[in-house]
Every structure is written in structure tokens, then in C-alpha cells.
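Here is the structure we will look at, set down as C-alpha cells.
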Amino acid sequence: MNEMHEILLEFSAETRENLLEVEQALVQLEDDPSDVEQITIIFRAIHTVKGTCGFFGFDALERVTHVGENLLSALRDGALSLTKEMTSTLLELVDVIRRFMDRIEETDSEAGVDINNLPERLEILRQGKPLSVLRQAETVELEDDEVIEAKPEVVEAKSEVVEAKSEVIEAKSEVVEVEAEIAEPPRPAPQRPPSAPSAPRVEPEPAPEHGEKKAARVKADAESVRVTTHLLDQLVTLVGELVLTRNQIVQRVEAHPDQVLTPASQRLNLIASELQEAVMKTRMQPLSTVFNRFPRLVRDVAQACDKQVQLEVKGGETELDRTLIEAIKDPLTHILRNAIDHGVEDTKRRAAAGKPEVGRVLVTAYHKGGFVNIDIADDGGGIDARRLKEKALSAGLITGDQLARFSEREAFALIFLPGLSTAGAVTNVSGRGVGMDVVRSKVEAIGGTVELTSTLGEGTTIKLKIPLTLAIVPALMIRCDGERYAIPQSNLQELLRFDPSDKDKQRLENIGGAWYHRLRGQLLPLVYLRHVLHPDQPRVDQSQVHQVVVLQAGEQNYGLVVDGVQDSQEIVVKPLDSLLQKLSIYGGTMITGDGRAALILDPVGIANQAALSAKQVRVTRQVDEASVTKGQILLLVGSMTKGRMAFPLSMVSRLEEFERDKVEVVGGRRSVEYRGEIMQLVNLSELLPERRTHHRHGVIDVDSLERLSVVVHSNGARNIGLIVGQIIDTVEEDTRTRGRPSRDGVAYTFVQDGHITEFLSLQSLVEKAEPDFYEAQ
């Protein structure tokens, strides 16, 4: 790569950054055409491109940017007001400049780029005339005298266009003279020099109100340096090899301690970890690099669909590995196009539904649990699950038996099947049923998940969960059938260990031929890794479980039964061999600390292979707290109305007592600081409808108590405190005297120690107090 080509690549990279800024400013200008600051930003960016391309002798690019600059100058000075026609033409100018950059990067030349009649159209707009004048002028047949006489104004317009062309050509010499006065030192005559240290940035004198912004930009430029992606990838590869060597040395020293080598290995471990963290940060980029393209996309698609759509973006500062950002560009683009095309309704339908005329699409990005979550939500008409199942049935994608059994969530998952579309007709935007399946396959290919939820008449939300990086990740090493495997810790929820001799504590249940473990009152589907790896081998006794790794695959948790759990270590992910790439249960390969190869398991692929998304998930949701195993341990508490209530002890995280002065009321809710977080307190009796109104005088007033007895219930990520009258005891449930539910929120009644006790449906009561409590896991 010669020096001039490197300079041209730097010019192209800077130009592309400026064009992104121009696109955003143009879309914002449509909402507020009088925003002079945005016009100045656009003018500055186009002027910079024009000045620099003149230095390289790119005459065609200089000509088209000069005409665009003239239009922007008239807008900045207030001589013209921005119209949609102007915005569309200026956005076309951005596209044309990008085509120039593509050609320059490929050939170091601008030759062969078609600019159509863009300069003429920009000049017509600068004169304050609509583009229809130009279209009329182009249809004039000069040999037809009657046509010429009938439309003298068209001929006049045609001559003005011709004059405009000559003005543009003559303006080049004026541009050279003006820019020679601005730039210091004066630039040489526009020719392609044999070599130059860098491409100069030619900037006009900034307006006074932008002085601070320019200073900030200069400071940012001074603190940054451009590095090729090839060099970054090479650094990551070298650091990966260093991490492998570090792992081998540390493992060797731990097995054979040495007074000299042990401190050195510890120092190497620290330095390698810090170097790895620093290098990985160089690959991280804010999602705004993708999100900044969305305003233009939404505007163009909305216009093509004749709809009004407002885009709102949150979390653009969230960082993600550069390779993953490239991987999700297309899926995000397709989801947005779908949201606008057949998500958001047109103006008439929105008005009939009582909605604002302008539709809304919200894109939100945030970190959670070692993943980057991206939610795309629209306030459109939503998806009819029944209609979706019928379309899948008519397309032959599901059978009639499946149609009857499918839940609403499983019905929404049908949208990701190839060949299925909810669009009423095929358009140039969507409707061919070849998009959402590609979205899912691309997201799952990088270790992510995608899920769709929708409410008919209110809108649709698509949630993407993307790992932070794929290069070097922490992993848990496990054993199965004498082989070692790695599981990314980002999917790991917890580890369970069972005593084989104590079958009662294993709490395994066989429902419909599938095995489950009841974990804190909830059914956890079990997947035996041995059966997934070797489906043709005879099944072993599934009633004996030693160790379970609880994993998360999308929104569903399941337990992976393994032979043993070893240590955790940072692994360097290597791509799979071509022979293994079609096996979805594997996510890559790695080299262990002792130099041997091992396969990396893909939790999502294992879940799909085991058909977790069908029968077991449905059974898990259908079996509620009332179908608990016999003889379970219950927590017995007293209510504020002197009654007795109980619920599974497995659903209790802790029992606490709080001084009354520690409890604060915020927004009408009782809250208390608990283990570094603000925990809401809920009076359990207030969640139950009172059935003994004539005993209201016996109700205990919570605010009169000096100390509150609180049962802490957790979903794994959040806690909620349930205020009770008193903690009585833990007892073993007596199932011989079950009675009918006494009121809403009670699963059933039973007799305990001679007292009628209400067995609470605790999960439904918690959801009554905090509807989103179990969603925030």
C-alpha cells in the first residue's frame, strides 16, 4: 500500500464521518427548519469535503459539492427556507459523495461515478424554484415550435439551467482563490502530488457560537489516532495467544509450586490481564455508530410507506465489540423497516384508533447480565397471534395439532420461520417472508438471542441480546463422558449439586416423560448433556442427578445435567472447523491450560436441539404453585387480621426485622435500604381482598408497629419485602385436609395444628404489587 493510497483512505474515512453528521442534521432540520446551527454543521462538512477533494484534483466531486454548498449557503443566510424537496436532494448528495468515496477507495480515482443531473437540481433549488421546472424543461422538444411557444417559461428555465452549468464550471477558479485565502499555508495548485504527509482539512472561519464546539473537536482529534482494523485484529490475536500461554504457565506453577516462578507467574497473570482488558477496549465502539444511521433510514422508509414516524434512540453510548456491531447492522435495519412498514399504522388508521397521527419507534440499548440488550418497540397495531398461527398452518409450517397446542408466546416465535410474513401484500420494503428468519440466524450466529412480544392494538417489541465480545471470554469448564467442555459464563445462572444418596433433596419430577427439578418453587426443565452429545446411545437412569449447571437461553432457564464441574478460566474463542460449523450445539473451540483442545458449548443451540422451546417450556408454565410435591416445607406466618397463611419456604430468600424509623414512604410506597439497594415493602394482607369486614377492628395497623416482620422474596436480580403480622414457624405441609380457595390470591386452604391456614399463591400476589417483578431477572 503506497503512501498516497493511505492518504486517500484517511480522506475517505474523515469524509464518511462528516456525512453521518450531515445525515443526522438534515433529518433533525425537517422537524425544525429554522435551526441555523444544524445548517451550519452541514455547510461546514460539505465545505470541508469540497476543499479537500480540490487538493487531490477530484474535479467532478468538487463541482457537485460546490453546488450543494451554494444551496446550503442560501439556507444559512435565510434567503431560502428548507423544504422536503431540498432535504431529499441534499440526502441524495450525501449518497453521491459516498459513491465517490467507494470508487476512490477502490481505484484512487473518481472516474466512473454517475451523478445524474444532481448539480442542475441543486442549482434549481438554490434559485428557489421547484424541481418540477427542471422536469418540464427536460421534456421540451426543441423541434416542436408550438410546444416552445406554448411554454416559454420552460425554455427560459432550460436556459437558466444551461447558464447554471456554466456558472458551476466557472466557479472552480473562484473556489481556488477563496480557499487560498482561508487555508494557511496556501495550498498548491489542484494536482495530485507524488506524496504528502497528510490530507489537509480546509475549514471556513467558524461562526462565533460554534467556538466551544470546535475547540472540543480539536481536543478530541489531538487525543485520538487512526488505527487500521487489521492492526487491531492482529493485536487481539496476539493477546489471545498470550492469554493461552499465561494459562499454561499459571496452571503449571500451581501444580508444581516454586519460590522463584510463583511470584513471576502471578506478575505475568496480572500484566496479561491488564493488557487483555486494554486491547479489548480498543475493539469496543459505541452503538451510536449504528444508531446514527437510523434517522435517515426511518425517514426514507416512512416516506416510501406514506406514513409519519418519529424515531427515539436511547443508550447510544452503550459499547459493543466492533465485529459484533458489524454483525447486527443488517438485522437491526430489517427490524426497523418491518416496524415502519407493517407495524406502525398509517395516519387514518391511527386517528381511528385514537392514537397520535405520528407513529413512534423506540430503540433502547443497555447492559445487563454480561450482554448488550437492544429493544426495538413500536406503538403500531401489534400482531394477531391467532392470525399468525393460521398463516403458518396455511403455509404448511405447522400442523393442526401444533396449532391447537401453541401458546401465544410460541405463536409469536413463528414469525422467525422462513416463508412466513404478516404483511398483507408484497411491497418494495417487505412482505416476502425472507427477513425475520435471517435476523434470528444472524443474531444466534454470534451467540445472541432474539425474542418478539406483541399486544394487539398497542404495538410490538423485539428484544435482541448480544454478548459483549466473542474474542476472549470467561468460561466454566465442565466434564461429560470423560471429555472437557467450556460454557460461556454470560449464560451461567447458578450451579446445583445433589447428594446421590438423598433422593428427597434432589426433588426431581417426571412430567409427561420429561424431567424437572423444582428450584425455589419453580419447575426447571432438565437437559442431559450426555443425551444431546450422543443421541443414539442408550439412555441412563435419569432419576439420579449429581451436578446441574443452570443456564439461560433467551428468556428461558434450564438445567444442564453434567458429570462434573471443574474451574473457570478465560478462554480464547477459535472458530469451528468447517466440518463442525453445522452443529448448532457448539459455539467454537479453545485451547485449555494444558495445551489440549476443547469444544465450547452453545446454550441456545443445546436448548434448540433438546426441543426446550416446545413441550417442556409449556409444562413449566402450566404447572403452578398449587401442584407442589407432597410434604414440602412451608413457612407459617400470621396475617394483619390475626389469620394464618403459608407458602413454600423455598420461595423465601431471608427473614428480616426492620425498625419502624428505617422505613420511608416514597411516592406512596414503603421502602427500606436493604443490602445496597432500595427494596419495596408490601403489606401482604393488603394484597388480599378482606373477607371478614366485621372483624376490621382487629386489623393490626402497620404504622403503629415499632418493628416490622418482613419475608424477603427474590427473583435472582431484585428483592421485595412482604410485611407479615408475625413469623410463626416452619412446618411440613399436611395435604390430607386440603380445601377450596377462600379468596383471590389463595391457592387452597388446609388445616395445620388445628388452625385453618391459607396457602398463598405468592407469585400472583407479588405480580399484583409489582407487575414487572419477574421480568427483571
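In this structure, the amide hydrogen of Leu524, modeled 1.01 Å from its nitrogen in the peptide plane, lies closer than 5 angstrom to those of His517, Arg518, Leu519, counting only residues at least 5 positions away or on a different chain. Quick one: with all protein chains in place, what share of the accessible area of the stretch 226-318 is carbon or sulfur, to the nearest percent (1.4 Å probe)? Carbon and sulfur: 56 percent of the exposed surface of the stretch 226-318. When you count the other C-beta atoms within 10 angstrom of each residue and take the mean per peptide, 749-757, 681-689, 110-118 line up highest first as 681-689, 749-757, 110-118.
At a 1.4 Å probe radius, carbon and sulfur cover how many percent of the accessible area of the stretch 563-605?
54 percent
Quick check on my link table: of Lys368/Lys465; Lys368/Lys574; Lys314/Lys465, which ones sit more than 19 Å apart, alpha carbon to alpha carbon? Lys368/Lys574, as the Cα separations exceed 19 Å there. Per-residue Karplus couplings for the stretch 765-772, computed as 6.51 cos²θ - 1.76 cosθ + 1.60 with θ equal to phi - 60°, are listed in order as 5, 5, 5, 5, 7, 10, x, 9 Hz, Gly and Pro entered as x.
The values are calculated or read from the model by the stated rules, or taken from the named source; none is laboratory data. Every value quoted in this text rests on a predicted model; they were computed, and no experiment measured them. Virtual Cβ from ideal backbone geometry, glycine too; neighbours counted across all protein chains shown. What goes into the accessible areas is simple: the full protein's heavy atoms, side chains included, and nothing from ligands, DNA or RNA. Shrake-Rupley method; radii C 1.70, N 1.55, O 1.52, S 1.80 Å.
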